[in-house]
Amino acid sequence: MIPVFIREPEAEDEWAPGAASRWWLGQSLEALRGDLERLGSRLVIRPGPAAEALVRLGRECGAGAVFWNGWGETGVARAIESAGMEAHALPGNLLFQPGTLLNRGGHPFQVFTAFWKACLRAPAPHAPKPAPRRIPPPEAWPEPPAARDLKLEPAAGGREAWLPGETGGRQRIQRFLPGALESYGENRDRPDRAGTSRLSPHLHFGEVSARQVWHAASARGPAAEPFLRQLVWREFAHHLLFHYPDSPRQPLRARFSGFPWLTDARGLRAWQRGITGYPLVDAGMRELRRTGWMHNRVRMVAASFLVKHLLIHWQEGARWFQDTLVDADLANNTLGWQWCAGCGADAAPFFRIFNPVLQGTRFDPEGQYVRRWVPELSRLPDRWIHRPWQAPPEVLAASGVELGRSYPRPIVDHEAARRRAIEAAAGTKG
């Protein structure tokens, strides 16, 4: 058995993995290399295109078959079979093979609750088999490529917050399931608490499998349901991308194709840098820049702010997340942004516009999350932490906050932005 990783920079486009993902991938491959060596094997790394690289490697080694986890690589499969080898694609990174779950009319689900129920009715995903203690090596190993063939780049942040690789993923599971799972339904929306699993990058890179997480969580009983629903939301995203491969570039709801998005370079930069004047939004964007990750509740608030307060195209936000998130996943990213923009599957109506102040007051009531990531506001009392522009001058002075200098004023008024967004959406009805 010869483990191989193919890097295909030639096939990458505007949705190619960004700097944060490339950093994670480089660390993950190093971890995998070490894990395989401990099992008596090696990791072979070759530059793409995948079909050419696998056929060449297969002939070099005399391989009889090629196996991989994934879907959609029909061209690769044909090339392998034409070279006289068997090609086997397995749904290892999902719970169910895309295309196997359809509604009664034989069409893809576009409502999550119906998809969730279909998953529960389907045969349960197979439990993972035990990991091998040894992987039989070939008589002779292929020649290693030059390290430059990988073309991976380091990310500016994230190193101190993560342990890429299977060991890091297993540690996340072991820390999360015994305690945090029981309170997940209550705490998952609280960015001021460690209430989420943070397994998303490990799942994306295949360091732990969806089936592994599903069975480990299911064993904890009914308390696992809120968490399992989030795991199936990930599944929903991948099935949608399978059925609607143009969705990263086109809204699922065609009436949004003519939406009057604005070009606002200054607003986009303020959002990216976390200086919008809305503390919860800014805290999330700064957490993203520092760690390569953002709490899911805050992702929704930040995304809503970009597309509804600023009327900036959801694809601008999707591109930024694709570049800066360590868990950047095209399927999840597309579903999430189209959901927030009101133009995707099971999307929130466009008139549902998050108020960053109310969201902060509800989900970060003592301002702990904001104080961590926006330290210039750390001395503000809880009452004003999410709306510093409304604080009395003496409170601002006592807290060391000078609006417009130490912290920006809001770049847009919430109520005015809300009215503008609703008026813009009115023209897309049909």
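The values are calculated or read from the model by the stated rules, or taken from the named source; none is laboratory data. These numbers come from a predicted model, not from an experiment. Here the Cβ positions follow ideal geometry from the backbone for every residue, glycine too, while neighbour counts run over all protein chains shown.
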Any idea which of GLY360, GLY336 is touching a Gly at 6+ places or on another chain (Cβ under 8 Å) and not basic (Lys, Arg)?
GLY360
State yes or no: is ALA265 surrounded by fewer than 22 Cβ atoms within 10 Å (Cβ to Cβ) and either modelled with pLDDT under 95 or of a type in the set (Asp, Glu) (or both)?
no
Single match in ARG409, ARG383 (criterion: surrounded by fewer than 16 Cβ atoms within 10 Å (Cβ to Cβ), in contact with a strand residue (DSSP E or B) (Cβ under 9 Å, 6 or more places away or on another chain) and either modelled with pLDDT of 95 or more or not small (Gly, Ala, Ser) (or both)):
ARG409
Residue set LEU39, LEU32; condition more than 28 Å from SER82 (Cβ to Cβ), crowded, with 19+ Cβ neighbours inside 10 Å and not charged (D, E, K, R); output residue LEU32
Identify all residues within the stretch 188-203 that are in contact (Cβ under 8 Å) with a residue 60 or more places away in the chain and surrounded by 22 or more Cβ atoms within 10 Å (Cβ to Cβ); write none if there are none.
PRO191, PRO201, LEU203
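Yes or no, residue by residue, for (1) within 14 Å of the chain's Cα centre (by Cα); (2) among the small types (Gly, Ala, Ser); (3) under 30 Å from LEU280 (Cα atoms):
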| residue | (1), (2), (3) |
| --- | --- |
| SER183 | no, yes, yes |
| THR196 | yes, no, yes |
| TRP214 | no, no, no |
| GLY221 | no, yes, no |
| GLN230 | yes, no, yes |
Among the residues that make up the stretch 205-217, is at least one of them without any contact (Cβ under 8 Å) to a residue 12 or more places away in the chain, farther than 15 Å from TRP337 by Cα and surrounded by fewer than 22 Cβ atoms within 10 Å (Cβ to Cβ)?
no
Which fully enclosed helices (runs of 4 or more DSSP H) of the stretch 193-275 have 2 or more residues being under 15 Å from LEU94 (Cα atoms) and either of a type outside the set (Ser, Thr, Tyr) or not assigned by TED's automatic domain parsing to the domain that holds PRO356 (or both)?
200-204, 210-218, 225-243
Go over the candidates ALA416, ALA421 one by one and state the one that is small (Gly, Ala, Ser) and surrounded by 13 or more Cβ atoms within 10 Å (Cβ to Cβ).
ALA421
Which of the residues that make up the stretch 277-322 are among the aliphatic types (A, V, I, L, M) and outside any helix (DSSP H, G or I)?
MET294, LEU310, LEU311, ILE312
Would you confirm whether any residue within the stretch 134-144 is modelled with pLDDT of 95 or more and farther than 28 Å from TRP23 by Cα?
yes
Please go through (1) without any contact (Cβ under 8 Å) to a residue 40 or more places away in the chain; (2) surrounded by fewer than 18 Cβ atoms within 10 Å (Cβ to Cβ); (3) not hydroxyl-bearing (Ser, Thr, Tyr); (4) not in a loop (DSSP other than H, G, I, E, B) for LEU396 and return the number of the only condition it doesn't satisfy.
(2)
Search the stretch 95-123 for residues being in a helix (DSSP H, G or I) and among the hydrophobic types (A, V, I, L, M, F, W, C), and hand back the single one that is nearest to SER218 (Cα to Cα).
LEU120
Taking the stretch 60-94 as the search range and keeping residues that are in a helix (DSSP H, G or I) and more than 29 Å from the chain's Cα centre (by Cα), which one is farthest from TRP214 (Cα to Cα)?
GLU60
